[in-house]
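K.L.:
Can you read through this structure? Questions will come right after.
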Amino acid sequence: MEANACQKYVRVSAKKLKRFIDPLKGKTVAEVESILRFHPSPSSVSLFKVVHSAASNFKNKVGPDAPLPADLLVSNIKINQGPTFKRIKRRAMGRADIMCRRTSHITVIVKEK
């Protein structure tokens, strides 16, 4: 049985989030949460929230006899690029530059061992 959770329009670029996903795939939810909780990067907070939400979705889907987070595996993590917010940065002599604020979509799939 599987459960998933997704968070859209996260104000972190997909390039910064993709650094985390390779070491996390295939580990238990408890291990992934402990890794992300103590990671110094601010983008690990949003990834932690999605993993925790996927584990809660699994618990609600199965019912009261759901396994503990130590018995759930993170089977897949997908990070896709979201829309880019374009903002104007003022420059000298009446010119302007465009700042691109990138967003991303995070999807986490959790299954039993």
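Taken together, the values in this text are just the output of simple stated rules run on the coordinates, not laboratory data. Every value quoted in this text rests on a predicted model; they were computed, and no experiment measured them. In this analysis, Cβ positions are derived from the backbone assuming ideal geometry, glycine residues included, and neighbour counts consider all displayed protein chains.
K.L.:
222 nm [θ] for the chain, helices only, -39500 (n - 2.57) per DSSP H run of 4+, per residue, to 500?
P.N.:
-11500 deg cm²/dmol
K.L.:
Suppose a student asked you for the relative contact order of the chain, using Cα pairs under 8 Å spaced at least 6 residues apart; what percent would you report?
P.N.:
The value is 43 percent.
K.L.:
Could you tell me the calculated FRET efficiency between Arg87 and Val45, based on Cβ-Cβ distance and R0 = 25 angstrom, to the nearest 0.05?
P.N.:
Numbers: r = 23 Å, r/R0 = 0.92.
Taking R0 as 25 Å, the efficiency between Arg87 and Val45 is 0.60.
K.L.:
Could you pull out the pairs from Lys59/Lys86; Lys8/Lys61; Lys61/Lys86; Lys25/Lys59 whose alpha carbons sit more than 29 Å apart here? Walk me through the numbers on the way to the answer.
P.N.:
Working: Lys59/Lys86 39 Å; Lys8/Lys61 22 Å; Lys61/Lys86 39 Å; Lys25/Lys59 20 Å.
Over 29 Å Cα-Cα: Lys59/Lys86; Lys61/Lys86.
K.L.:
With semi-axes √(5λ) of the Cα gyration tensor in Å in mind, check (1) 41, 21, 11; (2) 20, 17, 14; (3) 35, 13, 10 and report the label derived from this structure.
P.N.:
(3)
K.L.:
I need the peptides 97-109, 61-73 ranked by packing, meaning the mean over residues of other C-beta atoms within 10 angstrom, with the highest value on top. All intermediate terms of the calculation are to be shown ahead of the outcome.
P.N.:
Working: 97-109: 16.0, 61-73: 13.0.
With the highest mean Cβ count within 10 Å placed first, the list reads 97-109, 61-73.
K.L.:
Chymotrypsin sites (Phe, Trp or Tyr not before Pro), restricted to the range 1-92: which are DSSP loop and have at most 13 other Cβ atoms within 10 Å? Present the calculation step by step, with values, prior to reporting the outcome.
P.N.:
On the way: sites: Tyr9, Phe20, Phe38, Phe48, Phe58, Phe85; in loops: Phe38.
For chymotrypsin sites (Phe, Trp or Tyr not before Pro) across the range 1-92 that sit outside H, G, I, E and B with at most 13 neighbouring Cβ atoms in 10 Å, the list reads Phe38.
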